[in-house]
Amino acid sequence: MKKLWGGRFTGSAAEWVDEFGASIGFDQELADQDIHGSIAHATMLAKCGIITEDEKQKIIEGLKKLQHQASKGELEYSAKLEDIHLNIEHHLTELIGPLGGKLHTARSRNDQVATDMHLYLKEQVAQIIELIADFQKTLLEQAEQNIETIMPGYTHLQRAQPISFAHHLMAYFWMLERDKQRYADSLKRINLSPLGAGALAGTTFPIDRHFTAELLGFEGIYENSLDAVSDRDFILEFLSGSSILMMHLSRLCEEIILWSSQEFQFVELSDAFTTGSSIMPQKKNPDMAELIRGKTGRVYGSLIGLLTVLKGLPLAYNKDMQEDKEGMFDAVKTVTGSLKIFAGMVSTMKVKQEKMESSVKNDFSNATELADYLAAKGVPFREAHEIVGKLVLECIQKGCYLADLPLEEYKEMNSLFEDDIYDALNPYNAVERRNSAGGTGFSQVKNQIDKGKSLFV
């Protein structure tokens, strides 16, 4: 098979060398974007008088036939033709004859591949933003059902203070909102057209780059042709935003894995998102949560891999940049799959409200309420903190909890303690009273949920 760039060469590479250098095994994913960009390019060439209207029409008809074949999986790709661009051009030339060779006038594979990836990420990021929104709505639904469900809040994975379970879920809602904003902001950089930059220096043909940008739905063009073909910041930004998103999802995975364990028993996952054991019949493993937690490393790896590829590259294009695609494709697949799994897993998750609430009655997570109680009566907080610490130690030594101590023992520590101390120790009351802005108080949590809902109106 004749190489489309082979005029300068007298020898040819071995088949295994061709296969090593080829990207068609993965960049065929860009077939639709490549053809879409080529249709815009041909339209522009005719507008600028570089090809005739008749030539444009034949080229576009051929490209649309190839687009239909590609969508049905009927196009055959060859490693000898290296990449999606040369494979499409080869098929086009077979279909319409030598006229197919005119399509590459005033462009290079360098600006062509960059255009394809901009188009691809523009589509995928828009879809990811929608999937994040879907998961946020799932969190809102679960939160609304659990505003007054009390659970232990943790620091250092030690019981800290009682909180609303809805408050805990809403923390992830707002993380996802920031993720969504990061992706939306990245579209400003993704939505630029490199098409027409050529190999690195532009072209002598009287092209109209703004016209092709408009045809492809881009908001503008790269102002520098070297930058246009060398820039992969938009992919790095996508991978960075995806890494942060996956980190957030992984943290929630870890909590769900803990919550569904025998030790916690706070939630039960649906059978649809769990698996069993081949040897232990009682097991119900949170495999989907574990997989998302594990796949987070794949996205991190793609980001670090591309940063490493780019860090020493001189301008403009280098073959190293072929390594920009597989990690991008894999990250898209991982992120979209994880978000879809999470929406289903959380929407079907059974919250064991009684188990959560009983857990905060058998711990010292209400100790801060005692310190606040004394501080509200004028005791310096540090002194109040020490008094409560001694009371906790006394309870530990006696094998009881703060609510079990008689009032007389409280008064021995400080005469400001009154009967109402037991109301302060009630976990429900402790949560309800925390009404500072953004706090876990029920009215504040309702405000959060209402604000969250307003984002989708």
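The values are calculated or read from the model by the stated rules, or taken from the named source; none is laboratory data. It should be emphasised that the depicted structure is a prediction, and the values quoted were computed from it without experimental measurement. In this analysis, Cβ positions are derived from the backbone assuming ideal geometry, glycine residues included, and neighbour counts consider all displayed protein chains.
Taking the conditions (1) within 30 Å of GLY62 (Cα to Cα); (2) in a helix (DSSP H, G or I); (3) of a type outside the set (Val, Ile, Thr) in turn, ALA197 satisfies each one other than (2).
Matching residues to (1) modelled with pLDDT of 95 or more; (2) surrounded by 18 or more Cβ atoms within 10 Å (Cβ to Cβ); (3) hydroxyl-bearing (Ser, Thr, Tyr):
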residue	(1), (2), (3)
GLU326	yes, no, no
VAL335	yes, yes, no
LYS340	yes, no, no
VAL346	yes, yes, no
GLN353	yes, no, no
SER358	no, no, yes
LYS361	no, no, no
SER365	no, yes, yes
LEU370	no, yes, no
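Of the residues making up the stretch 179-211, those that are under 13 Å from GLU237 (Cα atoms) and among the hydrophobic types (A, V, I, L, M, F, W, C) are ALA184, LEU187, ILE190.
This table checks each residue for (1) of a type outside the set (Phe, Trp, Tyr); (2) under 22 Å from the mean Cα position of the chain (by Cα); (3) crowded, with 19+ Cβ neighbours inside 10 Å; (4) more than 17 Å from HIS168 (Cβ to Cβ).
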{"site": "GLY241", "(1), (2), (3), (4)": "yes, yes, yes, yes"}
{"site": "LEU249", "(1), (2), (3), (4)": "yes, yes, yes, no"}
{"site": "GLN262", "(1), (2), (3), (4)": "yes, no, no, yes"}
{"site": "SER270", "(1), (2), (3), (4)": "yes, no, no, yes"}
{"site": "PRO286", "(1), (2), (3), (4)": "yes, yes, yes, yes"}
{"site": "GLU290", "(1), (2), (3), (4)": "yes, yes, no, yes"}
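Scanning the stretch 340-357 for residues that are part of a helix (DSSP H, G or I) and either outside the structural domain of ALA143 (by TED's automatic domain parsing) or under 25 Å from THR149 (Cα atoms) (or both) returns ILE341, PHE342, ALA343, GLY344, MET345, VAL346, SER347, GLN353, GLU354, LYS355, MET356, GLU357.
Screening the stretch 163-194 for residues that are over 24 Å from CYS253 (Cβ atoms) and assigned to a strand (DSSP E or B) and picking the one that is nearest to the chain's Cα centre (by Cα) gives LEU192. Across the stretch 297-338, the number of residues qualifying as farther than 28 Å from GLN127 by Cβ, charged (D, E, K, R) and in contact (Cβ under 8 Å) with a residue 24 or more places away in the chain comes to 1. Going by the conditions given, is LYS295 buried (at least 19 other Cβ atoms within 10 Å of the Cβ) and in a helix (DSSP H, G or I)? Against the criterion (buried (at least 19 other Cβ atoms within 10 Å of the Cβ) and in a helix (DSSP H, G or I)), LYS295 qualifies. Of all residues in the stretch 331-378, those satisfying the criterion of being over 30 Å from ALA272 (Cβ atoms) and not hydrophobic (A, V, I, L, M, F, W, C) are LYS361, ASN362, ASP363, SER365, ASN366, THR368, GLU369, ASP372, TYR373, LYS377, GLY378.
For the stretch 254-277, state whether one or more residues are outside any helix (DSSP H, G or I), at pLDDT below 95, among the hydrophobic types (A, V, I, L, M, F, W, C) and assigned by TED's automatic domain parsing to the domain that holds PHE135. No.
In a residue-by-residue description of the stretch 402-421, the property of being of a type in the set (S, T, N, Q) and at pLDDT below 95 applies to at least one position. Return the residues of the stretch 434-457 that are crowded, with 17+ Cβ neighbours inside 10 Å and among the basic types (Lys, Arg); say none if nothing qualifies. Of everything in the stretch 434-457, just one residue is crowded, with 17+ Cβ neighbours inside 10 Å and among the basic types (Lys, Arg), namely ARG434.
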